[in-house]
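The numbers here are math on the coordinates, done by the rules we state, and not lab data. Keep in mind the model is a prediction, meaning the values are calculated, not measured. With ideal geometry, Cβ positions are generated from the backbone for all residues, glycine too; neighbour counts draw on all protein chains shown.
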Amino acid sequence: MDADTADTADTADSADPAALRIDVDRLLRRLDALGEIGQVIGPRGERGCARLALTDADRDGRDLVVGWMRDLGLAVSIDAIGNVVGVRAGDDPALAPVMVGSHIDTVRTGGRFDGNLGVLGGLEVVETLITHGVATRRPVAVAFFTDEEGARFQPDMLGSLVYVGGLALEDALDVRAADDGARLGDELARIGYAGPTPCPTAAAPHAYVELHIEQGPVLEDAGVTIGVVTGVQGISWTELTITGQSAHAGTTPMRLRRDPGYVAAELTAGVRAIARQMGGSQVATVGRMEFTPNLVNVVPSSVTMTVDLRNTDEHLLQQAEHRFDTSCRRLADDEGVTIERRTLARFEPVEFDARMIDLVETTATRLGLSTMRMPSGAGHDAQMLARICPTSMIFVPSVNGLSHNLAELTEATDLQAGTDVLLQVVLQLANDG
Ligand code: HGY
Ligand code: MN
Ligand code: MN
């Protein structure tokens, strides 16, 4: 148990559960301790994180969180894709648990809150219940899922997708890393997290609630504390390999070139034009681009790039994909290059359970917090858990709307508010029938 907890444990009282509040200083201490693993200091002193999935830093972060779970007396299980679940027993062990959680892997230029808040906020909820001697009918489970980010191994939300049966375990274990080609299953074994618990999960949770930073500017702009998340937008990730003709940069007339670098540039500008023309929630991103041979005086032989398209509406997302596909064909014909495409991730938009959305909203309102309903622009493990149990999310504001950025920050008052909402939602779910 956390040092502070030890001296309060024997003052456990059965305070009115509705009046319980979490200890935000204890939560901040854990966020800081986890944030120091894989810490990256930015040029202006920003404290970010680089804990790409299944790296040594991910292993060290996992070990730290599993240690905290065990210190709290949770029953810890690790499944065959490396998902970790710590369970606090309820009065009735036959009842399915209420699950909270998220992920602790990060992107390469990540922050200390993305994912980590949902996991450590869950541990804070459990520790608050323990220190106040508050029992629950149902068990309460705190989970972190493998490779939510999909930055190294695609697709994203890979661990929770396997957990709910959306991706076969063997196929997931054979995924190759985008950076060094390592096999996911080998990396999982190397860091010691190829667990014995079978997946997909044999039993669905009673409900799943994920506390997460918004990662955008909406709540901050509106001056609202709690985002009541209604669902997650659709995601379409594609990797393109554009192959042309490598040639001398000085001697090759423009009319004789078959330049994949030019096509990559046109496609990059093209996806932005698609998003601008479609408007609404359509977003488009080219996040990765690699030239071969990547030399100043050589027309490239090939370019590998990724395209991330998202929309809250499936039909519109398909429309964006179709527009992009049309521009690929036209440019390939015009420039005389070939374009191979590989789908890295494709998830339709997800709507969360209406009662769970209401529960988050009424609970936050009861706590006197401002709320607004909103879809999630980012992908989350919750969109996978929604396939097997009633699910919702709680958002708290991101300062300057930044995430996947070393400057990612959420104020302590908002961490307190969001985790208090999580605590009260868990208490209601863990004691319902
Ligand atoms: O890409 C996403 O939305 C998430 O961060 N994996
Ligand atoms: Mn996240
Ligand atoms: Mn993320």
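Data for the structure
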| item | result |
| --- | --- |
| Surrounding net charge for ALA354, when Lys and Arg each add one and Asp and Glu each subtract one, Cβ distance under 15 Å | -2 |
| Alpha-carbon centroids, the range 218-291 and the range 87-130: separation in whole Å | 34 |
| Cα shape, the chain, gyration tensor, a/c 1.5 rule | prolate |
| Gain on full stretching of the segment that runs from MET254 to ALA19 - 0.36 nm per residue minus C-alpha separation | 77.4 nm |
| Where labels lie 7 Å past Cα in the beta-carbon direction, separation of ALA412 and ALA33 in nm | 1.8 |
| Order of HIS322, HIS212 - criterion: other Cβ atoms within 10 Å of each residue's Cβ, fewest first | HIS322, HIS212 |
| Crossing angle, helix 314-335 versus the chain [Cα axis fit, 0-90 degrees, rounded to tens] | 30 |
| Segment ARG108-LEU64, extension gain: residue separation times 0.36 nm, minus the distance between their alpha carbons | 13.9 nm |
| Fewest-first ranking of SER160, SER398, SER77, using other Cβ atoms within 10 Å as the exposure measure | SER77, SER398, SER160 |
| Helix 412-430 vs. the chain, principal-axis angle (Cα, 0 to 90°, nearest 10) | 70 |
| Estimated vicinal HN-Hα couplings, Hz - the range 162-169 in sequence order (Karplus 6.51, -1.76, 1.60; Gly, Pro = x) | 5, 4, 9, x, x, 8, 5, 3 |
| Inter-site label distance for ALA222 and SER370 at 7 Å from Cα along Cβ, in nm | 1.0 |
| Modelled FRET efficiency - R0 25 Å, GLU239 with ALA203, Cβ distances, 0.05 increments | 0.10 |
| Helix 24-35 axis, angle to the chain major axis (alpha carbon atoms, nearest 10°) | 40 |
| Computed lengthening from ASP179 to ARG288, 0.36 nm per intervening residue step minus Cα-Cα distance | 38.2 nm |
| Computed over the range 273-411, Cα set: Rg, Dmax in Å | 20.0, 65 |
| Stretch in the chain that is longest and holds no GluC sites (Glu not before Pro) that DSSP places in a loop and that have at most 14 other beta carbons within 10 Å | 37-410 |
| Cα-based shape type of the range 234-347, given that a ≥ b ≥ c are square roots of the gyration tensor eigenvalues and the cut on a/c is 1.5 | prolate |
